[in-house]
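Student: Let me give you the structure first, and then I'll get to my questions.
The values are calculated or read from the model by the stated rules, or taken from the named source; none is laboratory data. Values in this document were obtained by computation on a predicted structure and should not be read as measured data. Ideal geometry is used to build each Cβ from the backbone, glycine not excepted, and the neighbour counts take in all protein chains shown. Accessible surface is based on the protein model in full, side chains and every heavy atom, while ligands, DNA and RNA are left aside. Shrake-Rupley method; radii C 1.70, N 1.55, O 1.52, S 1.80 Å.
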Amino acid sequence: MLSLQGLFAAGFTYLLFLFGAAWLTERGMLPKRLVNHPILHALSLGIFASVWTFYGVFGIARDAGITYLTSYLGATFAFVLAPAIMVPILRITRTHQLSSLADLFAFRFRSGPVGTLTSILIVAATLPLIAIQIQAVSDSLHLLNRDAPRDLLAAAFCAVMALFAILFGARHASLRNRNTGLVVAMAVESLIKLAVLLAIGLYCLFAVLGGPSGLEAWLAANPQALEQIQRLPNNQSWHTLLLAFFTATIVMPHMFHLAFTENSSALSLQKASWIMPLYLLLLALTVPLIIWAGLKLQVTGLNEYVILNIGLLLNSNWLTLLGFIGGLSAASGVIIVATVSMASMLQNHLLLPITRVPDNVRFYNWLLWLRRILILVLMTGSYLFYSQLARPDALYLLGLIAFITFLQFMPGLLATLFWAGVNRWGFGLGLCTGIGSWLLTMFFNRQFSLLDFNIFDDNWHGAAVLSLLLNCTVLIIGSRLFPTTEEERKAGDACMLNVMQQPVGVKLSATRMEDFEALLRPRLGPETARRSCRPWSLSWASTTRCSRRWTCCACAPSWSSTCRDCWDRWKRPPCSSPSTARTRSRVFAPATSICWSHSWSSTTSAWEDWPPNSTSFAATTV
């Protein structure tokens, strides 16, 4: 039995190591080529492997056989389909500066209440997930040292997690400031989880099972062990679990934050489409080896903690400590990133709309302290959730409620990407109907008892499928019955445009400044459109469109720069020799993406029309 002081020192040292990696990154002490590499960001998505995958999957494999693969396969399908689903979401979030799922839906449906509803439901679904992480760490500590009380260990762990969440994610007022230190820390955490499971799996294979030949002989003598892993589920619940894990991979707050908010390039998601399936495959391959080693050693205790029980049975402190560090790594990453992401959602969509914002230079400092307070509140709520509901026999029920709740966001997410006609009423009513019917079924049906719930035997998947069908039906009917506003339709078109690989330019024509303002008003709003057109209230004549959309070479051969450089050139009068009366230039307004021509007169030191007597104007927006 390990001492409590030793366990605390090992855990705190690991967390300091993670924070050190983030600190070195923020200080620029690590090579930028490494920090900004797409593969490193892809590895950070290994945060998906929470304690459900690190500890809980062993209990699932013992109780339900091959069903344990559903969490791995669901995430694998999500990453394989990343170019079709995740990359378009990344384009939308980057184009419109969105930092959470609530931001995405609030933008798509042009509604603050939609963002508020999404934030509340995401937090309600994530708190049970965080409670599971807390339970796993407290149970593992209590298993390794029986003298330590679970509740005290859980409270201390929550306090440490709140501190590190503030240090990791509450140092910048805007989450759009990419936190490369957090990405590096989560990538390191993912590698540690993989290294731990591979090390324990190889130890079980060669030291316990006697290598491949010894394993083959042992399985031949104990065919029931192989049959246990290969056992198929008794019902169709694994289909629903597969779909739930697929959706959770995208919409869970910690996954959304790392996949989109902290992402700077679509290349990382393209790399993740093969890196993450390989990562999850390596994790899944260790599960049968560790279970068979536990069966051979006749390990007792909870199946979920077979890794720790093997080390205790063999009196191997390093093996036990390795399993504890792996579980702590799986839990801490989820808690830190999910808490930071949820604090941002609640701040933007729940508190700021109802709070008087200070109108002074300390506004950003006020935002930071507000987010830090929200992190503390969320950790306190997670601890209360754990203390009231988290028991070993309620582990699967809590996880199931969370994942099926995440599943209810899938219809709205797909509609955001592929259907411009959906509106806020259809989305909101469908989401509330789906989640409401699911929770009512789970909490008021006597068949589902917290004390004897079995995720593999109880017929819960019928209620989950029914809630999802109700969600989709109400979403479609509500979108047809209630009118879709012009703003919603334009936001839908903007989202669908980002789904396409190559957006097509729109050709426009205008003859007056008022025409440009009218064209920009729907996209930018009346005040922004008027402010953008005000500097251009000069008289002009005509222009010729660039032969290439983004370059000026066709109309100004002496310039080999981009239109943005032309804009910088326009802000300063062009150089001209005394003998040259006019210097022709190509003007580009970045805010409106419109190109036209003016000429600078060195005689009058003012911009004039070019050519002098034209009356038409043609422009291209991109």
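Student: Report every pair of residues separated by at least 6 positions or lying on different chains whose Cβ atoms are under 6 Å apart, first residue within segment 327-355 and over 15 Å from L121 (Cα atoms), second surrounded by fewer than 23 Cβ atoms within 10 Å (Cβ to Cβ) and of a type in the set (S, T, N, Q).
Tutor: none
Student: I've got another one for you. Out of all the residues in segment 356-389, which are among the small types (G, A, S) and at pLDDT below 90? Explain how you work it out, then say what you get.
Tutor: Step one: list which residues in segment 356-389 are among the small types (G, A, S), which gives 381-382, 387.
If the condition is that a residue be among the small types (G, A, S) and at pLDDT below 90, then S387 is the only one that fits.
Student: When you scan segment 127-146, do you find a residue that is open to solvent by less than 10 Å² (accessible area, probe 1.4 Å) and either within 17 Å of the chain's Cα centre (by Cα) or more than 30 Å from T286 (Cα to Cα) (or both), even just one?
Tutor: yes
Student: Another question about this same structure. Among (1) free of Cβ contacts under 8 Å to residues at least 60 places away in the same chain; (2) open to solvent by less than 50 Å² (accessible area, probe 1.4 Å), which single condition is R371 missing?
Tutor: (1)
Student: Just give me the residues in segment 213-244 being part of a loop (DSSP other than H, G, I, E, B) and surrounded by 14 or more Cβ atoms within 10 Å (Cβ to Cβ), in sequence order.
Tutor: First, pick out the residues of segment 213-244 that are part of a loop (DSSP other than H, G, I, E, B): 222, 231-236.
Result: N222, R231, P233, N235.
Student: Which pairs have Cβ atoms under 8 Å, sit 6 or more apart or on different chains, and link a residue in segment 240-261 that is on the phi > 0 side of the Ramachandran plot to one that is modelled with pLDDT of 95 or more and open to solvent by less than 10 Å² (accessible area, probe 1.4 Å)?
Tutor: Going by the 8 Å Cβ cut-off, there are no qualifying pairs.
Student: Here's a check for you: in segment 451-474, which residue that is open to solvent by 50 Å² or more (accessible area, probe 1.4 Å) and more than 28 Å from the chain's Cα centre (by Cα) is modelled with the lowest pLDDT?
Tutor: Per the criteria, the residue is L451.
Student: Same structure again: It is to be established whether one or more residues within segment 272-280 are open to solvent by 10 Å² or more (accessible area, probe 1.4 Å), without any contact (Cβ under 8 Å) to a residue 12 or more places away in the chain and either in contact with an Asp or Glu (Cβ under 8 Å, 6 or more places away or on another chain) or over 30 Å from M342 (Cα atoms) (or both).
Tutor: The answer is no, given that none of the residues of segment 272-280 is open to solvent by 10 Å² or more (accessible area, probe 1.4 Å), without any contact (Cβ under 8 Å) to a residue 12 or more places away in the chain and either in contact with an Asp or Glu (Cβ under 8 Å, 6 or more places away or on another chain) or over 30 Å from M342 (Cα atoms) (or both).
Student: While we're here: For segment 100-113, which residues satisfy the criterion of being open to solvent by 10 Å² or more (accessible area, probe 1.4 Å) and of a type outside the set (K, R)?
Tutor: Looking only at segment 100-113, we keep the residues that are open to solvent by 10 Å² or more (accessible area, probe 1.4 Å), and these are 103, 106-107, 110-113.
Result: D103, A106, F107, S111, G112, P113.
Student: What residue, of S268, S264, is open to solvent by 10 Å² or more (accessible area, probe 1.4 Å) and either in contact with a His (Cβ under 6 Å, 6 or more places away or on another chain) or part of a loop (DSSP other than H, G, I, E, B) (or both)?
Tutor: When all the criteria are applied, what remains is S264.
Student: Pick from A187, A156: which is of a type outside the set (S, T, N, Q), open to solvent by 30 Å² or more (accessible area, probe 1.4 Å) and either touching a residue at least 24 places away in the same chain (Cβ under 8 Å) or farther than 30 Å from F260 by Cα (or both)?
Tutor: Of the residues listed, the single one that is of a type outside the set (S, T, N, Q), open to solvent by 30 Å² or more (accessible area, probe 1.4 Å) and either touching a residue at least 24 places away in the same chain (Cβ under 8 Å) or farther than 30 Å from F260 by Cα (or both) is A156.
Student: Same structure, new question: If L205 passes every condition in (1) of a type in the set (A, V, I, L, M, F, W, C); (2) in contact with a Pro (Cβ under 9 Å, 6 or more places away or on another chain); (3) free of Cβ contacts under 8 Å to residues at least 40 places away in the same chain but one, which one does it miss?
Tutor: The failed condition is (3).
Student: Let me ask something additional. Please verify whether L384 is part of a helix (DSSP H, G or I), open to solvent by less than 50 Å² (accessible area, probe 1.4 Å) and under 18 Å from L163 (Cα atoms), treating the condition exactly as stated.
Tutor: On the way: part of a helix (DSSP H, G or I): yes; open to solvent by less than 50 Å² (accessible area, probe 1.4 Å): no; under 18 Å from L163 (Cα atoms): yes.
For L384, the condition - part of a helix (DSSP H, G or I), open to solvent by less than 50 Å² (accessible area, probe 1.4 Å) and under 18 Å from L163 (Cα atoms) - is not met.
Student: Let me ask another. Output yes when any residue across segment 303-312 is open to solvent by 10 Å² or more (accessible area, probe 1.4 Å), assigned to a helix (DSSP H, G or I), at pLDDT below 90 and more than 18 Å from A187 (Cα to Cα), and no when none is. Reasoning before the result, please.
Tutor: Taking segment 303-312 and keeping what is open to solvent by 10 Å² or more (accessible area, probe 1.4 Å), we get 303-306, 309, 312.
Those left that are additionally assigned to a helix (DSSP H, G or I): 303-306, 309, 312.
The next check asks that each one be at pLDDT below 90; those that pass are 303-304.
From what's left, more than 18 Å from A187 (Cα to Cα): 303-304.
Within segment 303-312 (the criterion being open to solvent by 10 Å² or more (accessible area, probe 1.4 Å), assigned to a helix (DSSP H, G or I), at pLDDT below 90 and more than 18 Å from A187 (Cα to Cα)), the answer is yes, since at least one residue qualifies.
Student: If the requirement is being farther than 28 Å from Q236 by Cβ, in a helix (DSSP H, G or I), open to solvent by less than 30 Å² (accessible area, probe 1.4 Å) and at pLDDT 65 or above, which of these qualifies: G436, G430, G478?
Tutor: On the way: G436 fails: farther than 28 Å from Q236 by Cβ; G430 fails: farther than 28 Å from Q236 by Cβ.
Every option except G478 fails the conditions.
Student: Let me ask you something else. Consider segment 74-86. How many of its residues are part of a helix (DSSP H, G or I) and surrounded by fewer than 19 Cβ atoms within 10 Å (Cβ to Cβ)?
Tutor: The first filter runs over segment 74-86 and keeps only residues part of a helix (DSSP H, G or I), leaving 74-80, 86.
Keeping just the survivors that are surrounded by fewer than 19 Cβ atoms within 10 Å (Cβ to Cβ) gives 77, 80.
Residues in segment 74-86 being part of a helix (DSSP H, G or I) and surrounded by fewer than 19 Cβ atoms within 10 Å (Cβ to Cβ): 2 in total.
Student: List the helices (runs of 4 or more DSSP H) that sit entirely inside segment 1-69 and contain at least 3 residues that are open to solvent by less than 10 Å² (accessible area, probe 1.4 Å).
Tutor: Working: elements: 4-26, 32-35, 38-44, 57-64.
Helices (runs of 4 or more DSSP H) meeting the threshold: 4-26, 38-44, 57-64.
Student: Okay, next question. So, in segment 96-117, of the ones that are part of a helix (DSSP H, G or I) and more than 19 Å from L414 (Cβ to Cβ), which residue ends up modelled with the lowest pLDDT? Write out each step before concluding.
Tutor: Residues of segment 96-117 part of a helix (DSSP H, G or I): 101-108, 112-117.
Going one step further and asking which of them are more than 19 Å from L414 (Cβ to Cβ), we end up with 112-113, 116.
Working: G112: 91, P113: 94, T116: 95.
Filtering segment 96-117 for residues that are part of a helix (DSSP H, G or I) and more than 19 Å from L414 (Cβ to Cβ), the one modelled with the lowest pLDDT comes out as G112.
Matching residues to (1) β-branched (V, I, T); (2) modelled with pLDDT under 95; (3) under 26 Å from G399 (Cα atoms):
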position	(1), (2), (3)
A199	no, no, no
P212	no, yes, no
E216	no, yes, no
A220	no, yes, no
E227	no, yes, no
Q236	no, yes, yes
L242	no, yes, yes
